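Below is one structure; the comments refer to it alone.
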C-alpha cells in the first residue's frame, strides 16, 4: 500500500489532535483534585515504583533536583506525599504516598482503565493499532535521541 505525504500529514494532524484532547482532559480532571500534570506524573511514578528518593524521582522524570523539590513540597503541603528518613542513607529522604495520595492514585487508575475501555474496547483491530502506535513511539524516541 502506497502512502501519500498528504495522508501521512493528515494522520499526524489527527495524532496531534488526540494528544491535545488527552492533555486537556487530564489537565481538567487533575485540577479537580488540586493536581497538575507534573505532580500527577510524580505520584503515578511513586504509586508504581514505591517510595523513592528525590534524586531517583528527578532522574525518572528527567527534571532537575530543584524542580523535584518544588513538586514534592507542593504535594506534601497538599497531603499527597510524605518525606521520611531513608533507612540506609541518613543523607537521603524517601518520598512516599499518604492515604490521600494512595486514594487519589486508586481513583486515577480506575479513570485510566475506564478511558482505555472507552477508546479501545470496540476497536476492531486493536493489535494492529497498538503495534502501529508502538512503531510511532519508537520512531519519535529515536528521532529525539532517547
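Things worth noting here:
- Within the stretch 44-55, the set of residues being under 16 Å from the mean Cα position of the chain (by Cα), more than 15 Å from residue 112 (Cβ to Cβ) and assigned to a helix (DSSP H, G or I) comprises 46, 49.
For (1) surrounded by 11 or more Cβ atoms within 10 Å (Cβ to Cβ); (2) closer than 21 Å to residue 22 by Cα; (3) in contact with a helix residue (DSSP H, G or I) (Cβ under 6 Å, 6 or more places away or on another chain), each residue gets a yes or a no:
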site	(1), (2), (3)
55	yes, no, no
67	yes, no, no
80	yes, no, yes
91	no, no, no
98	yes, no, no
121	no, yes, no
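- All positions within the stretch 21-43 that are more than 16 Å from residue 61 (Cβ to Cβ) and not in a helix (DSSP H, G or I): 33, 34
- Condition met for residue 93 (within 25 Å of residue 49 (Cα to Cα), modelled with pLDDT of 95 or more and in contact with a strand residue (DSSP E or B) (Cβ under 8 Å, 6 or more places away or on another chain)): no
- Just one of the listed residues (43, 20, 12) is closer than 21 Å to residue 137 by Cβ and modelled with pLDDT of 95 or more, and it is 20.
- Selection from the stretch 90-130 of residues that are outside any helix (DSSP H, G or I) and free of Cβ contacts under 8 Å to residues at least 12 places away in the same chain: 90, 91, 121, 122, 123, 124, 125
- Of the residues examined, residue 75 is one that is modelled with pLDDT of 95 or more, in contact with a helix residue (DSSP H, G or I) (Cβ under 8 Å, 6 or more places away or on another chain), closer than 24 Å to residue 22 by Cα and in a helix (DSSP H, G or I).
- Residues (free of Cβ contacts under 8 Å to residues at least 60 places away in the same chain and surrounded by 10 or more Cβ atoms within 10 Å (Cβ to Cβ)) located in the stretch 26-35: 26, 27, 30, 31, 34
The values are calculated or read from the model by the stated rules, or taken from the named source; none is laboratory data. All values derive from a computational prediction rather than experimental measurement. Every residue, glycine among them, receives a Cβ derived from its backbone with ideal geometry; neighbour counts consider all protein chains shown.
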